[in-house]
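A short write-up of the structure that comes next.
The values are calculated or read from the model by the stated rules, or taken from the named source; none is laboratory data. Not measured: the values here are computed from a predicted model. Here the Cβ positions follow ideal geometry from the backbone for every residue, glycine too, while neighbour counts run over all protein chains shown.
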Ligand code: 0O2
């Protein structure tokens with residue numbers, strides 16, 4: 001990993017640590033104030049060298065570190081998993097409240113799902129990291145989704161990378177059907193939750 005990202009690995013890991021720490025603080029603060037924590041759990045990763053190179057080629061960019069850091073925005077990635085759809089939007093609002101995180105791009109694949117059924121909320125933030133006086137910009141992609149959406153996308157992701165699948169069309173069709181069932185279930189769960197809170 002370090003061989004491809006060289007010393008920039010520190011920036012990528014630093015950006016992830018910075019945002020994760022911000023979220024940890026806000027979550028703890030909500031808990032001590034007896035407010036509801038909208039986050040179930042958080043995962044993060046620096047994109048693997050193999051996956052980054054594949055993405056650069058797929059997008060038509062030269063495979064360089066400069067392009068990996070400036071043309072592809074998910075070298076540093078954080079995934080936030082919530083129980084309910086309203087929690088996803090609360091987390092989006094929370095993240096946008098941080099003055100040092102600049103929104104570069106935002107995609108609401110929950111309101112506008114991908115044709116395959118993929119649902120998730122994506123935001124790319126630019127963060128300025130202070131390296132002992134040297135200020136460096138870093139992009140971080142944050143994906144926010146419900147447990148059900150995450151369950152679906154893990155399986156779909158598995159299919160994307162599996163070679164020699166026997167019935168790809170049938171599997172894609174079934175996945176799409178599951179995606180819409182999951183979307184309905186997410187909405188129903190939210191409705192029940194709202195009724196309980198009334
Ligand atoms: P990985 O292996 O997860 O890192 P794209 O051109 O769609 O590949 P782009 O333009 O960066 O990528 O934007 P987008 O649509 O926001 O997708 C970024 C990431 O979102 C993907 O990264 C996936 O993690 C996730 N994602 C997007 N679409 C799908 C989908 O249809 N199914 C699943 N399972 N995940 C999706 P990578 O680099 O493609 O993959």
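Here are some notes:
Results for (1) surrounded by fewer than 18 Cβ atoms within 10 Å (Cβ to Cβ); (2) touching a residue at least 12 places away in the same chain (Cβ under 8 Å); (3) on the phi < 0 side of the Ramachandran plot, shown as yes or no for each residue.
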residue: 54; (1), (2), (3): yes, no, yes
residue: 60; (1), (2), (3): yes, no, no
residue: 69; (1), (2), (3): no, yes, yes
residue: 79; (1), (2), (3): yes, yes, yes
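- For first residues located in segment 149-168 and within 22 Å of residue 111 (Cβ to Cβ), partners that are assigned to a helix (DSSP H, G or I) and at pLDDT 90 or above and lie 6+ apart or on another chain with Cβ distances below 7 Å form the pairs 149/182; 152/178; 152/179; 152/182; 156/175.
- Residue match in segment 165-181 (condition: out of contact with any strand residue (DSSP E or B) (no Cβ under 6 Å at 6 or more places or on another chain), under 17 Å from residue 87 (Cα atoms) and crowded, with 16+ Cβ neighbours inside 10 Å): no
- Scanning segment 107-135 for residues that are touching a helix residue (DSSP H, G or I) at 6+ places or on another chain (Cβ under 7 Å) and more than 28 Å from residue 170 (Cβ to Cβ) gives 121, 123, 127, 129.
- Strands (runs of 3 or more DSSP E) (entirely within segment 69-187) containing at least 2 residues that are more than 12 Å from the chain's Cα centre (by Cα) and within 14 Å of the ligand (Cβ to nearest atom): 101-108
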